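Working notes for the structure below.
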Amino acid sequence: MLGPNLGAPGEVIGAATGLTVYAAAFLIAAVCLAVAGLIVFVWLRPDPLLFLGRATPASSAGTGGRRPGRIRQVLAELRVNQRAQVAVLAILTAQVVMVAIMTMTPVHLTHHGGSITVVGITISLHVAGMYAPSPLVGLIADRHGHRAAISAGLGVLAAPARHRPFPGRSRTSGGR
């Protein structure tokens, strides 16, 4: 959630290195990712799956832990399982809408004078908004079923779709 807020530190590093603010922000993220990977590689011993007995060294060696034909099994299940089809359709719809909106958001914000800091905070709040309701969505799905959870999600998605003009502006005066 903090990644989008690397614009301000990116400006400082960019000024010192000659990189653009965006390249410097990606450099910060890359260094942080490398450090996190090193920490996991060095200190995450033993492998938690091996420790819990859910995997064995023989089953994960050589094949990267994947079973052969796994994609075919998933596709075969999707052909016959209507619940799985609905779930995949719901996930894909939500993902397409989210990507479409969040790709446009930084452009729209900067077009209206927003700084890179405002863009970063907006994207961070978006990410928090995606994951913070997860326990509630899980509770709805557990108590009321997948259809209720999907319907609630679609309701939240559709709620802002009703167009309302800005206060003080009518639809005929050129306001949206």
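The values are calculated or read from the model by the stated rules, or taken from the named source; none is laboratory data. All values reported here derive from a predicted model rather than from experimental measurement. Cβ placement follows ideal geometry from the backbone for every residue including glycine, while neighbour counts extend to all protein chains displayed. Side chains included, ligands, DNA and RNA excluded: accessible areas come from the protein's heavy atoms. Shrake-Rupley method; radii C 1.70, N 1.55, O 1.52, S 1.80 Å.
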Heavy-atom accessible area with a 1.4 angstrom probe orders His126, His144, His108, most exposed first, as His144, His108, His126
Once R0 is set to 25 Å, what does the formula 1/(1 + (r/R0)^6) return for the Cβ-Cβ distance between Leu19 and Leu44, expressed as a FRET efficiency to the nearest 0.05?
0.20
